[in-house]
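Taking it in order: structure first as structure tokens, then the write-up.
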Amino acid sequence: MSNESVQLIYPSDEIVKNAAVSGMDAYRALCAEAEADYEGFWARHARELVTWKQPFTQVLDESNAPFFKWFADGKLNVSYNCLDRNVEAGLGDKVAIIFEADNGDVTKVTYKELLVKVCKMANLLRSKGVKKGDRVVIYLPMTIEGVVAMQACARVGAIHSIVFGGFSAQSLRDRMHDAGAVMLITSDGQFRGGKAIPLKPIADEAFGMGGCECVKNVIVFKRTGADVNMVAGRDEWLHDALANQPETCEPEWVEAEHPLFLLYTSGSTGKPKGVQHSTGGYLLHAILTMKYTFDIKPEDTFWCTADIGWVTGHTYITYGPLACGATEIVFEGVPTYPDAGRFWKVIQDHKVNIFYTAPTAIRSLIKAADNNPAIHPKAYDLSSLRILGSVGEPINPAAWQWYYDNVGGGRCPIVDTFWQTETGGHMITPLPGATPLVPGSCTLPFPGIQAAIVDETGADVPWGQGGILVVKRPWPSMIRTIWGDDERFVKSYYPADFQGKYYLAGDGAIRDKDTGYFTITGRIDDVLNVSGHRMGTMEIESALVANPLVAEAAVVGRPDDLTGEAIVAFVVLKGQRPTGDDAKRIIKELSDWVGKEIGPIAKPKDIRFGDNLPKTRSGKIMRRLLRGLAKGEELTQDTSTLENPAILEQLKG
Ligand code: PRX
């Protein structure tokens with residue numbers, strides 16, 4: 001971007017005037033405050049925004065870097081911060097959650113009611129022997145119960161680990177096993193797009209695979225009413241288990257560093273990693289970003305469309321909005337049911353003020369709206385909207401502009417928030433009443449976040465030149481370790497390349513040479529981003545080679561207009577290379593196989609067969625070449641080092 005091509009889009013005076021961070025000078029002042037006294041900056045916010053049972057006296061402890069500690073001698077409880085303190089502040093009768101079910105049914109829960117629900121669930125956990133530090137896996141759809149289960153774990157100091165409801169039995173099994181979970185909370189099924197989809201049978205299958213004997217109790221929420229198999233002595237219906245639980249429950253006051261949750265995410269090797277988050281630092285950033293990035297006000301209705309199975313659903317559904325005493329939407333359905341106007345109807349019906357979604361959803365809704373004016377956002381009253389957000393993947397400028405013009409009516413700033421499962425909350429993002437916007441750029445670091453772009457040696461690269469995105473100083477909501485694998489934590493995020501000093505995000509980025517604005521250029525490791533969902537290429541490859549037909553597989557990404565990236569798999573079968581109908585049948589079989597091994601989101605969009613994969617003479621798979629083939633590019637690379645150039649023709653697709 002050069003200055004001539006950069007069109008800065010400014011927030012209205014009205015938005016600036018009322019914003020928590022009002023104008024660029026206010027943003028710069030916060031950055032300067034953090035620069036001058038880094039610990040003081042975070043400590044001030046931690047004292048102002050979090051309620052501590054025992055105030056902290058230590059701020060950042062770097063003595064065992066990169067295992068950083070924040071506010072280590074402070075004690076608190078996240079559920080107290082999200083519920084009790086709002087009730088105590090007089091918000092008991094305020095609606096905390098507006099739940100809109102797949103079929104359109106609406107249920108409202110006040111803060112007082114939510115507190116009772118969480119206390120009963122917390123008492124249930126305790127009655128089953130769940131105690132501080134125990135792991136509880138939650139495999140639930142988007143429901144009030146999902147939020148309640150997470151909050152209840154936080155209340156008793158148990159560490160929750162959510163497994164997204166679209167993940168397979170194998171994925172669920174691996175996560176329960178790795179976490180050493182003592183309890184599973186699941187449901188009979190879930191509703192999506194008018195269909196009832198089973199969940200408990202998948203959990204049964206996961207248990208059948210073995211290795212989950214650590215799980216002593218399975219609590220089953222009745223959602224769809226489907227017939228399910230209940231194992232005597234282990235499985236119990238949630239409504240039965242809750243029946244006689246008391247309505248109050250003393251929170252477990254935990255140290256700030258006590259793990260609040262694990263969330264498994266894909267890395268560049270086969271096995272998903274259990275990202276471990278803290279209590280105090282995580283909560284602080286959840287609240288702070290709600291205030292500064294979303295400019296949340298007491299009267300606002302906030303809607304984040306993510307699933308609680310992803311980190312966005314943790315920070316911006318279960319914790320952030322509730323800790324701020326906001327009213328939020330919890331939405332069970334899908335954006336296209338009963339039609340692709342659903343999002344706009346929900347915004348209209350509930351007068352949503354702040355709307356946070358993913359670029360993939362926007363792109364699919366643009367297509368739908370173009371084909372049918374009746375479900376175009378302009379056909380709805382979206383005047384309640386004040387701020388829009390985007391997350392999970394780069395938003396292309398055309399989608400940004402459509403979102404800005406048609407959903408935001410040209411008056412709502414879009415906060416394009418860059419962050420990761422590991423970062424706990426926003427890292428690089430506009431602040432709506434301060435930062436002039438550029439479509440496709442996540443603009444500038446959140447105050448206090450020392451994001452930078454460096455080369456392989458760790459030296460800063462000049463603006464205008466691409467490089468590796470790092471964070472130079474630890475921040476409160478950062479990942480603490482990978483569950484059970486400190487070594488992998490250090491190797492993945494604090495590699496020796498940067499003398500172990502910088503957090504490595506795993507993304508490439510570039511700063512505009514004039515504005516210094518950041519644009520994320522994509523992952524620099526073997527991680528793909530499909531519809532904002534993170535997938536490791538090795539994870540998909542392992543799933544493919546686990547199929548008895550497959551000898552070898554290589555997976556790469558290719559740009560896709562709708563899903564951002566699409567998965568392309570190059571496969572060598574043990575038998576002959578199939579063609580015609582045979583090939584079609586095996587493609588379907590392998591695709592379903594990956595769906596069963598990992599989950600439907602991991603199914604390759606394109607599977608191609610070769611007698612072999614392109615390899616160097618030393619046997620290394622030439623992935624760069626495969627990426628070119630996947631995109632359908634003419635091969636201009638030198639293929640003379642290829643052991644078997646003839647197979648390129650087969651793999652062209
Ligand atoms: O590549 C970046 C992309 O998503 C990755 C993180 O994925 P995950 O841990 O699943 O968390 C997603 C939700 C926070 C990043 O490494 N990413 C996320 N947000 C953006 C983004 N890429 C560009 N722009 C964004 N706003």
task: State, to one decimal in nm, how far the label point of MET209 lies from the label point of ASP485, with both points 7 Å from Cα in the Cβ direction.
output: 1.5
query: Points 7 angstrom from Cα along the Cβ direction at ASP582 and GLU634: gap in nanometres?
result: 3.4
field: Mean Cβ count within 10 Å, highest first, over the residues of peptides 308-315, 17-24
entry: 308-315, 17-24
- prompt: Tell me, what is the percent relative contact order of the stretch 1-140, built from C-alpha pairs under 8 Å that lie six or more residues apart?
  reply: 11
- prompt: How large is the charge dipole for the stretch 52-130, taken about the Cα centre, if only the Cβ atoms of Lys, Arg (+1) and Asp, Glu (-1) carry charge, to the nearest 20 debye?
  reply: 360
statement: Quick calc, ASP93 & ARG234: beta-carbon distance into FRET formula, R0 51 Å, rounding 0.05, result 0.85
Low-density loop positions, trypsin sites (Lys or Arg not before Pro), the stretch 572-641 - DSSP coil, at most 12 other Cβ in 10 Å: LYS574, ARG617, LYS620
message: Quick check of the Kirkwood formula: for the chain, what is the inverse mean of 1/r over all pairs of different Cα atoms, in Å?
response: 25.6
- request: Determine, for the stretch 531-651, the count of lysine pairs separated by eight or more sequence positions (or lying on different chains) whose alpha-carbon distance falls under 15 Å.
  value: 6
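Enumerate by residue number the trypsin sites (Lys or Arg not before Pro) in the stretch 351-416 meeting two conditions: DSSP loop (anything except H, G, I, E, B), and at most 16 other Cβ atoms within 10 Å of the site's Cβ.
Sparse-neighbourhood loop trypsin sites (Lys or Arg not before Pro): LYS351, ARG411.
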statement: Result for the chain, cysteines with no Cys Cβ partner under 4.7 Å, is CYS31, CYS82, CYS153, CYS212, CYS214, CYS304, CYS324, CYS412, CYS442
Ranking by accessible area, most exposed first, for HIS45, HIS177 with a 1.4 Å probe: HIS177, HIS45
statement: The percentage of the accessible area of the chain (probe 1.4 Å, all protein chains present) made up of carbon and sulfur atoms, to the nearest whole number, is 51
task: Please list the equivalent ellipsoid semi-axes of the stretch 1-148, computed as the square roots of five times the alpha-carbon gyration tensor eigenvalues, in descending order and whole angstrom.
output: 35, 27, 17
query: Accessible area, 1.4 Å probe, largest first: how do SER384, SER161 sort?
result: SER384, SER161
- request: For ALA36 and GLU589, calculate 0.36 nm times their separation in residues minus their Cα-Cα distance, and state this gained length in nm to one decimal.
  value: 193.2 nm
- line: Ordering 77-89, 454-466 by per-residue average of other C-beta atoms within 10 angstrom, highest first, gives 77-89, 454-466
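Could you state, as a whole-number percent, how many of the C-alpha pairs of the stretch 531-651 are farther apart than 24 Å?
In whole percent, the long-distance tail amounts to 24.
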message: Against the empirical 2.2 N^0.38 Å scaling, what ratio does the C-alpha Rg of the stretch 211-277 come to?
response: 1.57
query: In whole Å, how far is the Cα centre of the stretch 137-182 from that of the stretch 275-322?
result: 18
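If we sort 292-300, 412-420 on the protection proxy, mean other Cβ atoms within 10 Å, highest first, what's the order? If you can, show how the numbers build up before the last one.
Numbers: 292-300: 20.8, 412-420: 24.3.
Descending mean neighbour count gives 412-420, 292-300.
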query: Summing -39500 (n - 2.57) over the DSSP H runs of n ≥ 4 in the chain and dividing by its residue number, what mean residue ellipticity at 222 nm do you reach, to the nearest 500 deg cm²/dmol?
result: -8000 deg cm²/dmol
- request: Can you work out the accessible area per residue across the stretch 569-653, with the rest of the protein chains kept in place, probe 1.4 Å, in square angstrom?
  value: 57
query: Expressed as a rounded percentage, what relative contact order does the stretch 531-651 have, with Cα pairs under 8 Å and six or more residues apart?
result: 25
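The values are calculated or read from the model by the stated rules, or taken from the named source; none is laboratory data. These figures come from a predicted structure and were not determined experimentally. Cβ atoms come from the backbone with ideal geometry, glycine included; neighbour counts cover every protein chain shown. These area figures cover heavy atoms from the full protein model, side chains too; ligands, DNA and RNA do not enter into them. Shrake-Rupley method; radii C 1.70, N 1.55, O 1.52, S 1.80 Å.
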